[in-house]
Each structure stands twice: as C-alpha cells, then as structure tokens.
1. When you go through (1) buried (at least 23 other Cβ atoms within 10 Å of the Cβ); (2) of a type outside the set (Phe, Trp, Tyr); (3) within 17 Å of B:Cys800 (Cβ to Cβ) one by one for B:Arg518, which number turns out not to apply?
2. Of all the strands (runs of 3 or more DSSP E) wholly in the stretch A:179-250, which have at least 1 residues that are closer than 28 Å to A:Trp135 by Cα?
3. Looking for whichever is open to solvent by less than 40 Å² (accessible area, probe 1.4 Å), at pLDDT below 90 and within 18 Å of B:Asp223 (Cα to Cα) here; the options are B:Gly51, B:Gly112, B:Gly87. Which one fits?
4. Determine if the stretch B:108-124 includes at least one residue that is touching a residue at least 12 places away in the same chain (Cβ under 8 Å), in contact with a helix residue (DSSP H, G or I) (Cβ under 8 Å, 6 or more places away or on another chain) and among the polar types (S, T, N, Q).
5. In the stretch A:5-35, what residues are at pLDDT 90 or above and either at positive phi or open to solvent by less than 30 Å² (accessible area, probe 1.4 Å) (or both)?
6. Which of the residues spanning the stretch A:184-205 are at pLDDT below 90 and either within 14 Å of the chain's Cα centre (by Cα) or within 14 Å of another protein chain (Cβ to nearest Cβ) (or both)?
7. Please go through the stretch B:134-166 and give me each residue that is within 35 Å of the chain's Cα centre (by Cα) and not hydroxyl-bearing (Ser, Thr, Tyr), ordered by number.
8. Looking only at the stretch B:443-470, which residues are under 13 Å from B:Ile414 (Cα atoms) and in contact with a Lys or Arg (Cβ under 8 Å, 6 or more places away or on another chain)?
Amino acid sequence: MSTEITSTPFAVAADAVVVATDLTKIYGEGDSEVRALDGVSVSFPKGQLAAVMGPSGSGKSTLMHILAGLDHPTSGSVLVDGTELAGLNDQKLTLLRRDKIGFVFQFFNLLPMLTAKENIELPMKIAGSPPDPEWQATLVEATGLSTRMTHKPAELSGGQQQRVAVARALLSKPAVIFGDEPTGNLDSKTSSEVLALLRRAVDEFGQTVIMVTHDASAAAIADRTLFLRDGKIVRDAGHLSAGEILDTIKTLE
Amino acid sequence: MIGLVLRGLSTRKLRSALTAIAILLGVTMISGTLVLTDQIDRAFVQIFQQGNSKINVVVKQKPPFKDPQTEVFLNAELVTTVRAADGVWLAEPFIQVQGYVIVDGEAMDQTGGAPSFVFSSVSEQLNPYSPIDGRLPTASGEIAIAKEIATKSKAKVGQAVTLATQDGIKPVKIVGIVQYGDGSTSLGGSTTVLAPLIDVQNWWSLQGKASYIYAKAKDGVSDDELKANVRAALPQTDVIVQTGKEDADEQASVLNDLIGKIIRYALLAFAGVAVLVGAFIIYNTFSITVAQRTREFAMLRTIGASRRQILGTVVGEAFIIGSVASIIGIGLGMVFAWGLNKLFGVIGFGLPATGLILSWQTVAVSLAVGVGITVLASIFPALRATKIAPIAALREGVTLPVGRFQKLTPALAIVIAVLGAAGMVFGLISDADTTSRLLTLAGGAILIFVAVAMLARFIVRPVVGVLAVPITKVAGGVGKLASENAARNPARTAVTAAALMIGIGLVVFVTIFVGGLRESFTGAIDNSLKSDVTVTARGFGGSLPAGVLDAVRAVPGVETASPVGGTAAQVDGQSFALIGVDPKTITDVYAFDWNDGSNEAVQSLGTDRALVENAIATTLKLATGDSFKVQAISGASATFTVAGTYTDPTILNGFVVDQAALEPLLQSNATGLNTVFVTETPDSNPDTVQAAVDEALKGYPTAQVQSNAQQKEEVASSVNTILVIFYALLALSVMISLFGIVNTLVLSIFERTREIGMLRSVGTTRRQLRAMIRWEAVITSIIGGVLGVILGIMFGWAVCKGLESEGLSFVFPTVQIVIFLVLSIVAGIVAAILPARRAAKLDVLEALQYE
C-alpha cells in the first residue's frame, strides 16, 4: 500500500487541512549554509494521523515548526485550514494558533500551579471563549483521568500528564494538532496510553494529527508515515508496522 | 488570565512575599509620614482653635514681612478703641513671650525644640486656660502654672518660686494650676506659665505693648459682624483684624509650615529613596522570574496567548503584588506613625496628642506610589517576556532573547548619567529657588544611580575576578564556585548590588555632608573668633538684657567684651539678618575675612554704612559704594552704603552695621544685644574668666556662657543627632536592598536546584554549600558597598564644593567608610542566611531529578 511519491507530481487532496508547497529553510550563509528543508511539498488531509520521521538533522522538527507557524520558511508556502501563513503578522499568527492549531509537547508543558482540569481549559480561557461542556466531558472521559482532574501536574505520572496535554490540545476542536515527540519523554507502557488517545482523537473525534517522532512504535499507529533526510521527503508511506519503519530508518542512516 | 496570575503568585509564595516586602517598606514609610504629619497638622489646628474658642475677634500687628522667628507687637492702647466698637462686650490685650519658672533651683523649660511660653493672663471669659486648682493670677508677682509643670515639679499652689524673664530672675508666687482647654490636648511638649499683663510687659521690656487684642462679642453679634465693626473702628492700616477661627487657622498653618511640612518633606524624601531601592529589586525579581518562566510563556504563546496577554500576565502579577504590598504598607504606616510619635516623645519633642488619621489622600498616594512603582518596574521584564518566541516551548535550554533595548544599554546609561550630572550641576550652581534646586539635585542623583546600575553589569566580571583571588584563598574551592556563580549572570548581580549601592551611597553622602556642616561651623569658630568665651541668648530669637554687657565688663580678667545684636530684615524682598556691632571692639574679638575692605572700614561705619557678607553681596549684586535699603521687621527702614565685603556664612552672616545704626530699626522690646564675645587679659586663665562671667550672669537666666570648645561640642552633638536620624531612615533602604539580595539568591538557588544536587552528590557538605551561598552574597554586597561608597564620595564632594560659599567644606570620612564597607559585608552574610539554609536543606535525590 506504500507509494513512492518522490518522483510523482505534487497533488493536493481536496480535503487537505495543511498544505506545504516547495518549502525551503536555509540557516547560515555561504560555506556554513545549512539547508534544513530543501524543497518540501506535502499535504495532510483531514482526519489523518501522520507521523514524520527521520534521523537527527533531517529537518523533521523544522518542518513541523514551519507547518505550525512557529517558524518562517526561507521560501515556499504553507496553508493551514485554507489560510496562507506567509505574511501573517504576529497577532494574526497567534489567533491562528489559538483557533486552528493544537499542540502536544515532548515535556508536556503543563502549568504546575493549575489542576489538570484547569490546564485543559487554559487555551479556551486565553481565547476567552467558554468550552463546550459536553465535549469537555467526553474528552475527560477519553483521558481516563476523570477522578484525577483536581490534581496538579506534579501529582500525575508522565503518561497522565501527557494525556491531559492531549485533551488540552483537543478542547478547542482545532483544525490540526501537532505533536512534538509526544512520547519522547515516556516509557513504553505510558506511551501506548497516550498513543491510544491520539488514535481515538482521529478515529472517533475526526481530528487531524501530525506528529514528529523518533519512536517507531509511536509511528506505527499512524495512518501515514513520512521519512525525511537532508531536508527532503525521501519516503511517503501509508500505515507501516514498527518493523517496516525500523527497516526504512536503517536504509536512511 | 487573572486567575492564572493569582494562581502563579500563590504557587510562588516565598518569591511573591519577598518581592512584596521590597515595595511594602517604602509604602509604609510614605503612609506613615502622611499619617503622622496629618496628625501634627490637625493637632495644631485643634490646639489653636481651643485656644481661641472663647474669642470672637483678634487684633494683631501686621509686620512688614513675615519672619517666623520674630514676634511682633502692637500698641496695647488700641484696646480702648476696640472696646468702643459696636458689639464688643469685652476686649483685653494679651502678650505671649518666652520664659520659664524655676522650682527649687530646677528650670522648668523645654529641652527639645518647642518653646517655653509665658502668657499674660486674660479674664476667664477669654482665657483658654482654666484653673484646676487655685485661680488665675491677677496681682503683680502672682503666676499660674500649667498642670504639666505642676506634675513634673510637684510645685503647689501657694509655693514661692522664681520666674526667668528677659529682665532677670523674678520672685513670684504660684496662685493657680491651670489646664489648656478641656485638658484633652496639650500644647505639644510646651510648658506654659501665666502671669499678669503688667508683669509680662515690665519684665520683657514690652511696656504699652500687646501681642494681640482679644475681643468677645455681645450676645447675638456674630464673629463676622464683630470683625467688621472692629475693623471699622480701627483706621490703622498696620493692624490685622481676624475672627478667632481665622487667627487659629493661620497660627496653625504657620506652625505647620515650620514643623509639619519639614517633617513631611524630609521623611517623604527618605521614603522616596526606599521606594527607589524597592523598584530596583522588583525590576530584578521580575527579570529573573521572567527568564525562569521562558518555557511557560512560550507554551502560552503556542496555545494562542497573544503578546498583550503575556504582558498582562506579568504586569498583572506586579499589579497584584503592588496592591497587596501597598495595602499592608498603609496598615504598617499607621504603626510607623504611632511609633514615631512615641519616639518624638522620648527624645523630648513631644507632639500634641490627637488620634491617628488615615485620610483618603494618604491611601490614594500610598496606593498610587506602591502600585505605580511596582508596575513600572515590571514593564521592562514584561516586555522582554513578550519577545519570547512560541517556538521556545519546543526547544531545550532556551534562554531569554536579548532585547534591542539591552544592546543600547551602555549608550543609554551614558546619556542618563550625563543628564544626571547636568541636573546635579544645575541644582548646585543655578540661582533658582531652593525647592527647584533641591529637586533637580535629587533628580540628578537618581539618574546617576540608575545609570551606574545599568553600567554595573560590565564591571561585575572584572571585580569578581579580583575578589575571587582572596576569597578562593580563604574559602578554597567553594569560594571559587561562589565567584563563578556571582559572575555567571552579571546583570542580575549588578542590579542586586545596585539596590544596596543606593543605600550605602546615601549613607556616605550624608556622612560627608553633615561632616561638612560641622566642619564649617567649627572652622568658623577657629578661624574667625579671637575671643575665648561667648555669651548668647538661650532660646530662639531671644535678646539679652542690656545689663548683661555691663555685668560682663565688670568681671575681673575680662579685657574686651564686644556686644553684637541684630534683627530680621529684608533687602530687595529677601530676608537677611541685620547685625549691629560695636566698631571699637569687634575687630578685637572677631577676624573679618575680607573680600573687599579692611578693619579701617569697620571703624568708619557710622550710621549709614554697612559691611555685606560676600555670598549675600553676590546674590544682591552689591559692591562697595552701592547703596541699598533695609526694611526691618519693626517697620522702620534705613538706607546704607556698602563699605566692604567679607566672607562668613556662619557667625556674622548678614549685613554688619554700627550698633547705633541698628538701634532705630529695632522693635521696642529688643535690646539690640544677643551675643557678647569676651576676651581675657593676657595674664588670666580663660577657664577662670569663663567661670567668673558665668557667676556674674547668675541673675540673667537667658544668658548662656560658653567656651569655644563648648560651642563646637554643642554643634557636634546636634549634628550627631541629625546623623543618627539620617542613618536610621536610610537603614530602611539598606534593609530593603538586603531583601533584594535574599530574593536574588533564593531565585538563583531555585534555578540551580539540579546543580546543587550534583554538588552534594559529589561530596560537597551542607556546610560548604552554605559557605558558597554566603560568599555569593558577600561578593554582591561588596560590589554594592564599593559602588555606593564611590558614588557617595562623589556626591558629597560635589555638594560640598557647590555650597562652598555657604561654608560647607569637604572632609574625607576615612574611618566611617571603612565601617560602612565592613557593614556591607556583614549585610551580605546576614542576607545569605535564609537562602543558604534552603540550599543546604535540598534533598540530594530530589534535587537531581528536578526539572
């Protein structure tokens, strides 16, 4: 079911949520020039869970940063839910992130002084819009932490904290959720709980998730697996098993 | 977002509390000062209103200009005219003078600044005093004493005592003990004696004179009606007619200007320093916490918080800390005012007793300053927080970006320093009025402090490099680590040290300034006085009885006794002293420091020539040969020609004329004598002569006989009192800066938790860890202390040079500076106690796992 697209022309799916066209990102100049991204074009349709993999320095983090509007490409264009990111000022980018993008971080980044429930509600509070209570209840139930909502992050395990972080990203029903090594700081058991939640977000709630990961077992739950090397997409595959992923990584290194 | 701010504050309790303390103490001082001075203000109003409660109209003399130290008198016979005015039921003359009663050889006079009064006793219908034992004095030789004196001296009605008057000691009998008003207020710490009008007039050379004429209205005549009637009856333009209430309010406001306002502005100035120091600490604390919360802010930005919301989070935090601190500060201010009140009482300057007043103005000013400064100090850190890119949330080990503002720091600091220096120079040399000069001077000093604080970061590394050598010798590896820690974040160390710098700088400055004042006085005595013994009038504005001069001259061993007198006068609308000397003898006792002129000029003064002190001549643009008109407070005026100029900002500071020329310009009760300079014959001993003069003046209680050494001692002791007060007030600012050191250490230990765990795990003992923190604090406090001393010396030198013409000379306070430096090291050690203990308590395992 895997298809090599490196040679095929770039086609944008009609229901694409994130579309990147010919992205380059160059750090430094002259001899010290580094092409972190070298002409990347890719689109992500709605309701897909995509994993972006690649060795260190392949450009996968840079790609995610640019797709999420956290960094600017040297050239190329990014559309998020139909909005072109190039040329947006800080205020507009902030509003875009607030309304259309959710984030799950490697180090959870929960606020230590807030309870789990308050952390989940935080983005909505910042936006000044009330959360949908039914949706919130569904999410809390999905985290499996209904009884722990009044606890502070310090009283939760890493996996529990990350599930709270996923719920936080989902509460505003963003167009897309970006995960930055969401299991990078977890052991395999707690990883799988978090991954299950992300899978459920896509399958049951129709969300779109793009995550950068090193972890083959994390990528193995994805509908689609992208491999980057030297700033280029070298393989764009559908669902792969952990074994297939490891094999691909070996060929890349 | 507010919820987030509150939650954040409650999680960082210790940090929030330490930050709050930085501003709280300054606000305490501001509100305390305002509460205290409101109280003083109201007390004065109450006292004078009680005094005038039985009086409908007051008639008094209108002086040609106002001089708070000179009482003016009017013709007592005007009372007949007042009595004849429509609606007057009763009118009596009243006199107030200074004097005191002596009970069993003990003088019942004031030791503090408050005057000891003798009042002429008016009828009960007008008198604010009423007898609680005995009666009011009516016949000559009778007195009544205030109950405060009776309590202190245990004097009884019927007891024979003596009264110290301008005309010598008079035997009198106590016929009554009186209280003021309803007894609820006392007249400050003042001691009051009532005596019949005739005695007061005779014994204070005020025959036919009165301070006021009091009038009481017939039933049904209002105060304003009576005032109009009396005014109509008095054609004289040099008298003022007021209602009792108007007079009370005016007297209260005069006294308030003299005392309340000085206390208010002096204390507020020190409160301002405390607030400035607090601002530095708040700035530093917020800078550190913003840096530590970089990831948190970045995360908030990625999940959609705008820059404005980040700004709001930080500033909101400052707002809440500022508000809470200000509210607590206002409360503590009440305690502060109460304490100061008690303190004044203890040092013999009892303030009139009324309750504490918390006015809405006090609350408003305290809140505005407390909240305003906190918010202002947090703005730069908050702006830096908004510069944090959202992407920082996804990266490890991110640091706060360097702001544009920061790169401009050195240039900006230099601009600020230049502005500050310009302000100080303007303040020192311009001829604008004193208030604006002082304000520009203070403003200039603040700018220089700020500039040095901004630049201090550049000297932190080199200074620490130097300090590291001895510290490593003393403390070994721990000392080395401490030095590196102190230099790790130079901006942080610099601002922490700068807060201490301000306090120490001002301590050094006042030491130099006050030392300069003392030096100027003792220098003047050493350089100008040829005499060894001086007789002066005790109490302010007093004259000596004319008999004093003859009494001194009659003492065996006295070679020359040279009289000096004076009056308040104005030239070109500015107030100066007009000094009368005896041309034949003055140059035997006093050495003129001539700018233009000679001792011959003194001999030829005559009745129309005057010598002018150099600084005054400069101010009024007078040179030898110029003529000027002098308006004396008595109402008389005269024209003089400048016969010479000399420099003396201390002893004979004013216009010097012949006694004979002074005479016609004096008020009728003034003797034209307030000082006698005495030299002894070559074959006699100064101490013996002084003792003999003292003995000869036994009958003149207002005369005070002092040797030059005693005069210097008196000045030194009052100067030391001022210094102690200044030190106490500045100690608060130094204390605040100590909280700053504590705060910075606590915060840096917090961010180095993992590192401390590592140090402990590789074998650093708790003791060594504590030593390390202590040395960090000491390094910071040495930097602050040294910078403060340098700035303090510079300010002190500049001000002494600038005021050289007013007699200020610069003395380098070597011993004090060594003491201050040692004290700042001690301060550092004290500040390190709590942070060191916290660091040492950290559990090694937990610390290692800390994120």
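The values are calculated or read from the model by the stated rules, or taken from the named source; none is laboratory data. Quantities reported herein were computed from a predicted structural model and do not represent experimental measurements. Methodologically, a virtual Cβ is constructed for each residue, glycine included, from the backbone with ideal geometry; neighbour enumeration extends over all protein chains shown. These accessible areas exclude ligands, DNA and RNA; they are computed on the full protein's heavy atoms, side chains included. Shrake-Rupley method; radii C 1.70, N 1.55, O 1.52, S 1.80 Å.
1. (1)
2. On the way: elements: A:209-212, A:224-229, A:232-238.
Hits in the stretch A:179-250: A:209-212, A:224-229.
3. B:Gly51
4. Within the stretch B:108-124 (the criterion being touching a residue at least 12 places away in the same chain (Cβ under 8 Å), in contact with a helix residue (DSSP H, G or I) (Cβ under 8 Å, 6 or more places away or on another chain) and among the polar types (S, T, N, Q)), the answer is yes, since at least one residue qualifies.
5. Selection gives A:Val17, A:Val18, A:Val19, A:Ala20, A:Asp22, A:Leu23, A:Thr24, A:Lys25.
6. A:Gly184, A:Asn185
7. B:Ile145, B:Ala146, B:Lys147, B:Glu148, B:Ile149, B:Ala150, B:Lys152, B:Leu163, B:Ala164, B:Gln166
8. Answer for the stretch B:443-470, where residues must be under 13 Å from B:Ile414 (Cα atoms) and in contact with a Lys or Arg (Cβ under 8 Å, 6 or more places away or on another chain): there is none.
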